[in-house]
1. May I ask for the net charge around Leu409, where only other residues with Cβ less than 10 Å from the Cβ of Leu409 are counted and Lys, Arg are +1 while Asp, Glu are -1?
2. Calculate the FRET efficiency for Arg287 and Asn174 from the Cβ-Cβ distance with a Förster distance of 41 Å, rounded to the nearest 0.05.
3. What net charge is computed for the residues neighbouring Leu373, neighbours being all others with C-beta under 12 Å from the C-beta of Leu373, Lys and Arg scored +1, Asp and Glu -1?
4. Assign unit charges at the C-beta atoms only (+1 for Lys and Arg, -1 for Asp and Glu), then state the dipole size of the chain relative to its Cα centre in Debye, rounded to the nearest 20.
5. So which lysines pass the test for Lys240, namely a Cα distance under 16 Å, with those fewer than 8 places away in the same chain ruled out?
6. For the chain, modelled as a GNM with alpha-carbon contacts under 10 angstrom, which of Tyr244, Tyr128, Tyr187 fluctuates the most?
7. Given the pairs Lys352/Lys389; Lys133/Lys168; Lys352/Lys390; Lys360/Lys389; Lys112/Lys390, which span a C-alpha to C-alpha distance of over 18 angstrom in this model?
8. If you average the C-alpha positions of the stretch 104-148 and of the stretch 20-66 separately, how far apart do those two centres end up, in angstrom?
Amino acid sequence: MTQLGDFFSAANQHKLNGPVSGLHPFTGFNDTGFPIRLVTTPQELQEACQILSKHTELAFDLEFDDMRYFYGRTLSLVQVFDGESVFIIDTVSLNNKIEPLLKIFENEGLIKIFHSSWNDLMVLSEVYNCHLKNVMDTSILYRMLGHSENSISLKNLIKHYLDVDLEKGEQSSNWITRPLTESQILYAAKDVIYLHRVKHLLQQELEAAGRWEWALEECRALERIKFLSDPQPFLKLAQKNRIYPHLLPRFAEVWYFRESLAKKMNKPPFQLFPNDVLCELVRNPARTLEKWESFRGIHPAMRRENNLAELARLTAAEMPAPSLPYREIENRYKAFERSMIDYKGWLRNERKQLLMEVKKRLVLVYGLPIVNLFLSEKLLPELADLGTKKYLRQWQDRLIAQACEENGLDYSLINFSLY
């Protein structure tokens, strides 16, 4: 732990064991080398945020429940490290009223260090309509070095750069139940105390490789993450289970009924009755309701007479038979798609071929992991449609333009959108 402590200034080290006024310390076993402060009341949150706002760089991590124990996403904990102390902000005890912390999240002048931040940012957007500014994501910084195409875990990143073994035993524990255990609090603290040091080391490597500006642009894109509600949220499950189009109205009715009841009961929808039972109910209502008592995973509330009656009502309407079997509809559509030979289709193919040639040239210089960030097989079709200027980050577009110029390829063929 000495290596980590040496990273912070002598002034910070002088304060390590000093009191933080008004905030009660964690008194359990603590081998982090830093004080851990528990924040459970509005007054403590206000004081903690006043302290945090004086810094220029903070490390964050979030713990939340995603439809595992309760309905929807529920933020349960925010861990913050300022280089001097770890603040464990208990959002459950605060009844999710964390306005002072939201102001820090949206403060453009304050760097927020996260690791693999996408889910955390999405939760803050959905639950609080909060959109973070000036985020540094260490998983993105590492990926910009081109060591691997895959995201690296925090555990492996810390082991790689600091030779510290991070315990992840509490990763899947219940973060909603109170009181938190000493083990959970210590786990939460250790998830943030290494991020300053790792970010600093990654920045040094990226600057030496001439890729720091690329990384900054990738991190700035995180500011655009925003939760958008799905106008037809039932469709994904219906498509996954191959619910025929003529049954979709019935499927939607039952899906929305389960959803509204789950929200009222604050339970994940699958705990009322499983998805496979929902699909069977939509396909064969009468037979499924007859066997209802024999199904496993049915919540007691769904065995009540009023709820059974509502399910019977929702599934009673006759659904029109499809004019063609589902497979034939699918095959006809594919045949029609294959027959569409026009100028736009030809141009799309030409653009894809050129992009594949550009990819070969870039891989020789930068390696496959970096190039696959924007020219992977999965992304090429969409890029061929939308063009490089509309679809890519500026640094990515510049690399493609440079490769075209150096290799006599026609950049003007791929820089505009077909729509």
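We did not get these values from a lab; they are worked out from the coordinates using the rules stated. Everything numeric in this text was worked out from a predicted model, so none of it was measured. Note that each Cβ is placed from the backbone with ideal geometry, even for glycine, and that neighbours are counted across all protein chains shown.
1. Net charge around Leu409: -3.
2. 0.65
3. Charge balance in the 12 Å sphere: +2.
4. In total the dipole reaches around 1300 debye.
5. Qualifying lysines at Cα under 16 Å: none.
6. In this elastic network of the chain, the residue with the biggest mean-square fluctuation among Tyr244, Tyr128, Tyr187 is Tyr244.
7. Result: Lys133/Lys168; Lys360/Lys389; Lys112/Lys390 exceed 18 Å.
8. The stretch 104-148 and the stretch 20-66 have Cα centres separated by 19 Å.
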